[in-house]
Amino acid sequence: MDKELLAQLKERLIMTKKTLEKRIKERNEKVKGKFKGDVGDSSLYIYNRETLYSITEREREELRDVNDALYRIKNNTYGICERCGAEISRERLLLKPTARFCAKCRREIDGDSK
Ligand SMILES: [Zn+2]
C-alpha cells in the first residue's frame with residue numbers, strides 16, 4: 001500500500017481514537033454527575049441510563065475497530081482483506097478506514113447473514 005495513503009489513514013484513525021476516548025470519558029463523568037443523588041422518576045432514570053449505555057457501547061465497539069486497525073498498521077497487515085487476502089481498495093479504506101474485508105467479501109458476508 002502506498003505510504004502516503006497509509007500515513008493519512010493512520011492519522012485519521014488516531015484522531016478518531018482520541019475523539020472516541022474523550023467522548024466516552026466525558027459521558028461517563030456526566031452519567032456519574034447527573035445521577036448522583038438523583039431521586040427523581042426511576043423509570044426515567046433507567047431509560048436514560050440504558051440509552052446512554054447503548055450509545056457508549058456503540059462507541060466502544062467503534063473504538064475497538066479503530067484499535068484493531070491501528071494494530072494491523074503496526075503489523076503491516078492493514079488494508080488486506082481478512083477473508084480472502086486481497087488488497088482492500090483505496091476508495092473503500094478512505095470511506096471506512098477500519099474496514100477489515102474487501103468490498104466483495106463484505107457483500108458476501110452481509111449476504112450470508114441474511
Ligand atoms: Zn476479501
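The values are calculated or read from the model by the stated rules, or taken from the named source; none is laboratory data. These numbers come from a predicted model, not from an experiment. As a convention, Cβ positions derive from the backbone with ideal geometry for all residues, glycine included, and neighbour counts pool all protein chains shown.
Report, by residue number, each residue of region 1-28 that is outside any loop (DSSP other than H, G, I, E, B) and either aliphatic (A, V, I, L, M) or outside the structural domain of GLU61 (by TED's automatic domain parsing) (or both).
LEU5, LEU6, ALA7, LEU9, LEU13, ILE14, MET15, LEU20, ILE24
Can you name the residue in region 96-114 that is assigned to a loop (DSSP other than H, G, I, E, B), more than 11 Å from the ligand (Cβ to nearest atom) and of a type in the set (D, E, K, R) and is also surrounded by the most Cβ atoms within 10 Å (Cβ to Cβ) among such residues? Reasoning before the result, please.
Taking region 96-114 and keeping what is assigned to a loop (DSSP other than H, G, I, E, B), we get 96-102, 113-114.
Still in the running and more than 11 Å from the ligand (Cβ to nearest atom): 96-98, 113-114.
Checking which are of a type in the set (D, E, K, R) leaves us with 96, 114.
On the way: LYS96: 13, LYS114: 4.
Per the criteria, the residue is LYS96.
Can you confirm whether region 45-66 contains a residue that is touching a Ser or Thr at 6+ places or on another chain (Cβ under 7 Å), at pLDDT 80 or above and surrounded by 15 or more Cβ atoms within 10 Å (Cβ to Cβ)? If you could, list the steps in order and put the result at the bottom.
First, pick out the residues of region 45-66 that are touching a Ser or Thr at 6+ places or on another chain (Cβ under 7 Å): 65-66.
Then keep just the ones that are at pLDDT 80 or above; that gives 65-66.
Within this subset, residues satisfying the condition of being surrounded by 15 or more Cβ atoms within 10 Å (Cβ to Cβ) are 65-66.
Yes, region 45-66 has at least one match.
Please go through region 70-95 and give me each residue that is surrounded by 14 or more Cβ atoms within 10 Å (Cβ to Cβ), within 16 Å of GLU11 (Cβ to Cβ) and either within 15 Å of the ligand (Cβ to nearest atom) or free of Cβ contacts under 8 Å to residues at least 60 places away in the same chain (or both), ordered by number.
The answer is ARG72, TYR78, GLY79, LEU93.
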